1. From the protein chains alone at 1.4 Å, what is the descending order of accessible area for His10, His177, largest first?
2. Antiparallel versus total DSSP beta bridges in the chain: what percent is that, nearest 5?
3. Would you mind working out the magnitude of the charge dipole of the chain relative to its Cα centre, with +1 at each Lys and Arg C-beta and -1 at each Asp and Glu C-beta, to the nearest 20 Debye?
4. Of the options Leu91, Leu157, Ile16, report the single residue whose Cα projects farthest towards the positive end of the charge dipole of the chain (beta-carbon charges: Lys, Arg +1; Asp, Glu -1).
5. Show me the GluC sites (Glu not before Pro) within the range 146-226 that DSSP assigns to loop and that have at most 15 other Cβ atoms within 10 Å of their Cβ.
6. Can you give the charge dipole size of the range 126-225 about its Cα centre, rounded to the nearest 20 debye, using +1 on the beta carbon of Lys and Arg and -1 on the beta carbon of Asp and Glu?
7. I need the Kirkwood Rh of the chain: take the reciprocal of the average 1/r across all distinct C-alpha pairs and report it in angstrom.
8. How far is helix 59-68 tilted off the main Cα axis of the chain, in degrees rounded to 10, range 0 to 90?
Amino acid sequence: MRVLVVEDEHKIAAFIKRGLEENAYAVDVAYDGEEGYDWARSFDYDFIILDVMLPKMDGISLCRRLRQEGNRANILMLTARDSIDDRVAGLDAGADDYLVKPFAFRELLARLRALARRGSEQRTTVLQVGDLRLDLMTHQAERGGHKTDLTAKEFALLELLMRHPNQVLSRTIIAEHVWDYDFYSQSNVVDVYIRYLRRKVDDPFPEKMILTVRGMGYRLVEPEYA
Ligand code: CA
């Protein structure tokens, strides 16, 4: 999952970025409203975390503008304590949820997970395709009763594949959702991580789930049993 954080207070932005990265999100940061607007238009973010008080363009105006242009990212507003007006204005501008500053990081993570559930058919915290299960809380994958721990990037990659079963995902799409801007131009990073993931979820089993679609990308399929 790729996140854009728009927050002019550098300490808070760095705190959010570090915490999210530790939890397998790819994170870009913008420090004012106009910069945030440019990033939001350039990439297909899963989440945008938007502070209300921003230089150049405030968070509520930015949110409204993105929605008017059809941006469908999950938008979480960060509002000041006691500012009911900001919360109402943010939701009316098209935000999906808000979080009052200061907040506990665990709550931010829980809000993002809740938004991800809201946007999909799946209301559980476990994704399942065939006999492959991915626990979104523990970041453990399980296949055929065999549990395996995943690194942050392996988890993010498998989550993306499992949220789009049977669909071909191009390397660009995968890179955009799993890596942030600083990393994803490294040419073969997607192939390298697909290889790591296969070692854990495919190699021990006769039926392969992660398929290469030549010239296009990768596809996670439900294995067919004879
Ligand atoms: Ca601010």
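The values are calculated or read from the model by the stated rules, or taken from the named source; none is laboratory data. Here the structure is a predicted model, which is why all the values come from computation and not from measurement. Every residue, glycine among them, receives a Cβ derived from its backbone with ideal geometry; neighbour counts consider all protein chains shown. Side chains are part of the model used for accessible areas, which takes the heavy atoms of the whole protein and leaves out ligands, DNA and RNA. Shrake-Rupley method; radii C 1.70, N 1.55, O 1.52, S 1.80 Å.
1. Most to least solvent-accessible, the answer reads His10, His177.
2. Antiparallel bridges: around 50 percent, rounded to the nearest 5.
3. My answer is approximately 600 debye.
4. Of the listed residues, the answer is Leu157.
5. Loop-located and lightly packed - Glu207, Glu224.
6. 220
7. When all Cα pairs of the chain are included, the Kirkwood radius is 18.4 Å.
8. Result, in degrees: 60.
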